[in-house]
Amino acid sequence: MYLTRFRANIARADARRLFGSPHLLHGAVSMSFPRPPGRDGAGPRVLWRLDHDASHQTSLFIVSPDRPDLTHLVEQAGWPASDVPGWDTYDYGAFLGGLNQGDVWGFRLTANPVHHVRLPGQPEGARTKRLAHRTPKHQTTWLLERQQSAGFEVLPKPPERQLAQEGDEHQLAVRDYRPLRFRRQPREQRAEDVRITRVTFDGRLRITDPELLRRTLTHGLGKAKAYGCGLMTLAPVR
């Protein structure tokens, strides 16, 4: 497994166009590998996520079974004339193998929190509709409901902080709620729009099951993984 970080030059019009379209960026990430990435769920898949830091730097993170070649992204959305490499790739396997039960980490996850509802008037057994969670409370609940099966637990806040911030019991922040609407195919083909909602979670977790967490980190969490959702990364707690 590999973890890659690509630095985007958003001053370029091509970069803004590419990074503004989940469909185009999904295609660009897929073309970073000589073999099409697997999506059957049998093994690790290619996951990606866009991060924006306080200095307005945009970075593309990719987790993948194979080492990517991002030359085409450098030419289109990077600094092709620079002597500085456009991306860094790390051996992710050694890091994953070193995860242990009880370890505490900071984490970031961009996900597509959804639920299924039956519309008014529909009979029992009718097909449900997938809808996005729209509030931080429901988005937080979505994540907490999946933490056990994903191999971690989000840390609670110290009791004194829970009292000061009633209703906010976990070391977890929900930000960058972003509804997205785009098309997979050219408009003349009259393809249906794709609608997803991306939300970013930042927090602290404790590992409860290293094997399950490794699967979460390499297979993703939730829906819309092809469009920049599902990738969780860990960072040391400061």
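In summary, the convex hull built on the alpha carbon positions of segment 191-231 has an orientation-averaged projected area of 3.6 nm². Normalised size of segment 51-95, defined as Cα radius of gyration per 2.2 N^0.38 Å with N residues, equals 1.30.
Once the Cβ-Cβ distance of ASP51 and VAL237 is raised to the sixth power relative to R0 = 22 Å, the FRET efficiency obtained is 0.75. Of the whole protein surface, GLU169 contributes about 100 Å² of accessible area at a 1.4 Å probe radius.
Spin-label pair ALA94-TYR177: with each label point 7 Å from Cα along the Cα-Cβ axis, the two points sit 4.2 nm from one another. VAL117 contributes an accessible area of around 40 Å² to the protein surface, as traced by a 1.4 Å probe with all chains present. Gain on full extension, evaluated as 0.36 nm per residue between GLN148 and LEU131 minus their Cα-Cα distance, stands at 3.8 nm.
The values are calculated or read from the model by the stated rules, or taken from the named source; none is laboratory data. What you are looking at is a predicted structure, and each value in this text was computed from that prediction instead of being measured. As a convention, Cβ positions derive from the backbone with ideal geometry for all residues, glycine included, and neighbour counts pool all protein chains shown. Note: areas computed on protein heavy atoms with side chains; ligands, DNA, RNA excluded. Shrake-Rupley method; radii C 1.70, N 1.55, O 1.52, S 1.80 Å.
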